[in-house]
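What follows is a single structure, written as structure tokens, with notes after it.
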Amino acid sequence: MGDTKVARKMDIDTLTPQAESRLLEFTQSELFSKTFREGMELVEETAAYLDGPGRYESKKLQRTEALTYASQSMRLTTRLMQVASWLLVQRALKESEMTISEARNDKYRLVPEFRPKNGLSFAELAESANELPAILLDLLARSESLYERIARLDRSLYGTISAQSGNTVADQINRLEAAFGKIGV
């Protein structure tokens with residue numbers, strides 16, 4: 001029973017009033033507006049490519065490259081749908097269409113991308129996929145960069161102690177307080 005209390009305590013959300021304020025400030029910021037535009041433009045650009053020129057280019061590929069094209073375009077689409085969903089939740093928060101409590105729900109967090117053990121990183125894919133269209137490779141690179149940036153924002157804005165344990169400022173303060181006792185200011 002004591003272990004359960006400890007586990008629950010470690011999962012306590014770190015979204016303090018200051019963190020809530022920071023989250024709301026972020027949604028009102030130019031950084032958010034710029035990231036939102038970039039994300040939505042990339043979604044539109046990708047859809048236009050995959051439904052148009054990409055479809056034509058994929059038909060010209062050999063079987064192996066065509067399979068790689070199909071799997072990478074699915075990976076690209078999945079990644080961008082997660083990004084778009086996250087951005088739309090932040091916009092809903094900004095426009096008071098959603099509460100902070102609702103926005104904090106796990107179903108709105110970015111899920112770490114699944115990479116099979118023998119799966120290629122983007123850099124390896126770019127090196128080995130000289131037959132894949134350059135536009136697809138560019139979209140993959142840009143989407144990966146955007147996804148990683150938004151994943152960092154998600155962790156920073158919504159992170160929990162258990163998700164960030166070991167290297168947060170709060171962890172360091174807790175260690176100092178445990179070692180030296182709480183220092184009054």
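The values are calculated or read from the model by the stated rules, or taken from the named source; none is laboratory data. None of these values were measured; they are calculated from a predicted model. Heads up, the Cβs are rebuilt from the backbone with ideal geometry, glycines too, and the neighbour counts pull from every protein chain shown.
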Pull out all pairs, ordered by first then second residue, where Cβ-Cβ is under 6 Å, the residues are six or more apart or on different chains, the first lies in the range 73-87 and is closer than 11 Å to Ser143 by Cα, and the second is assigned to a helix (DSSP H, G or I) and of a type in the set (Ser, Thr, Tyr).
Leu76/Ser143; Arg79/Ser143; Arg79/Tyr147; Leu80/Thr46; Leu80/Ser143; Val83/Tyr147
How about the range 40-62: which of its residues are exposed (fewer than 15 other Cβ atoms within 10 Å of the Cβ) and within 23 Å of the chain's Cα centre (by Cα)?
Glu41, Glu44, Ala47, Ala48
Across (1) under 18 Å from Arg142 (Cα atoms); (2) crowded, with 19+ Cβ neighbours inside 10 Å; (3) not aliphatic (A, V, I, L, M), Gln90 clears everything bar (1)
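The rows are residues; the columns are (1) surrounded by fewer than 17 Cβ atoms within 10 Å (Cβ to Cβ); (2) within 18 Å of Glu144 (Cβ to Cβ); (3) in contact with a Cys (Cβ under 7 Å, 6 or more places away or on another chain); (4) not charged (D, E, K, R).
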| position | (1), (2), (3), (4) |
| --- | --- |
| Thr64 | yes, no, no, yes |
| Thr68 | no, yes, no, yes |
| Met74 | yes, yes, no, yes |
| Trp86 | no, yes, no, yes |
| Ser101 | yes, no, no, yes |
| Arg109 | no, no, no, no |
Output the helices (runs of 4 or more DSSP H) that fall wholly within the range 127-185 and possess 2 or more residues being modelled with pLDDT of 50 or more and aliphatic (A, V, I, L, M), or say none.
134-158, 169-180
For the range 23-37, name all the residues that are closer than 26 Å to Ser73 by Cα and buried (at least 17 other Cβ atoms within 10 Å of the Cβ).
Thr35, Phe36
